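Everything below concerns the one structure shown next.
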Amino acid sequence: MTDLIQDIARRLDSGSVIPYMGPDMLALCADVKVPATPLALAESMTAKVSVPHKIRKRLTQAAQFIENFKHRKSVVHLMNEAFAATPAPSPLQLALAASNAGLWVDTWYDDSFAAALKATPGEWSQVQGLSQSEHFGDWTGAYAADGSLLPDHPAVAERLLYKPLGSHGPSSNYLVSDSDYVEVLTEIDIQTPIPVAVQAHRTGRSFLFLGCRFDDQLTRCFARQIMKRSSERHWAVLPEEPTRMEARFLAEQNITRIALPLAAFSESLIAAMQAEVTA
């Protein structure tokens, strides 16, 4: 396992690995005051707006109900309230932000990784997924490090944060309701919602999945399409025994499971990355 982690650290240093992060990354942050799971987010939203009991714990359905019977603005307002606080970046996030990865994929709505990039030297930008109910015809929005809207999307990912589901900052873009996902999924097979810079950067590179589960169809679909035409070697830190569908997905995409707790992997990877820098 030590040799594998050292190999990943070397590949991060060379820029041939793309970190792909999920909501469980927040478990490494201190004093987290934002929902850290889809269930926690659903409960946060439905504690403030009444929805049918059978969908209270189903995030996309609950958001859709609120959108249909209240307004899309109500969904955005609830999401803004849920993610108003910015968690302090974890040591792993700071180490990844300072690496030569060049592209980072973050599939949760909080601003912690953006904060990690702000804490490291160098220019960067981000591209976020947009809801068609608010930005019909535009699949993504591009922003500079200071949060200003970029007139043009970056064509090449030099230092790019990709938030496919949107994010709290800087402009409250969220893909969260059933209709949000339906719109994207109708086009994702032909890559229309995937930014050109992401498509260019992923070619021939490997993905390192951190804080992600693949136990539902949505997460598998997004991961499959984002990593399309990349390398044939990838890794996922999955301490829990994979479900049947997860195991099938890992095998299908040639993703090697690293059966370590994320905190333990974080410590080992950071140490290996530091050793690589000083070597």
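The values are calculated or read from the model by the stated rules, or taken from the named source; none is laboratory data. Not measured: the values here are computed from a predicted model. Heads up, the Cβs are rebuilt from the backbone with ideal geometry, glycines too, and the neighbour counts pull from every protein chain shown.
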Problem - Residue check, Val51 among the aliphatic types (A, V, I, L, M), within 30 Å of Ala157 (Cβ to Cβ) and not assigned by TED's automatic domain parsing to the domain that holds Ala263 - result: no
Exercise for the section: Output the residues belonging to the stretch 234-249 that are crowded, with 16+ Cβ neighbours inside 10 Å and either farther than 23 Å from Val184 by Cα or outside the structural domain of Ala200 (by TED's automatic domain parsing) (or both). Expected result: His234, Trp235, Ala236, Val237, Leu238, Pro242
Practice task
May I ask you to verify whether Pro164 is at pLDDT 95 or above and either of a type in the set (Gly, Ala, Ser) or in contact with a Pro (Cβ under 9 Å, 6 or more places away or on another chain) (or both)?
Solution key: yes
Exercise for the section: List every residue pair whose Cβ atoms sit under 8 Å apart, with the two residues 6 or more apart in sequence or on different chains, where the first one lies in the stretch 184-196 and is not assigned by TED's automatic domain parsing to the domain that holds Leu218 and of a type in the set (Phe, Trp, Tyr) and the second, anywhere, is surrounded by fewer than 14 Cβ atoms within 10 Å (Cβ to Cβ) and at pLDDT 95 or above. Expected result: none
Handout entry: Among (1) surrounded by fewer than 17 Cβ atoms within 10 Å (Cβ to Cβ); (2) more than 19 Å from the chain's Cα centre (by Cα); (3) in a helix (DSSP H, G or I) - the single one Ser268 does not satisfy
Key = (1)
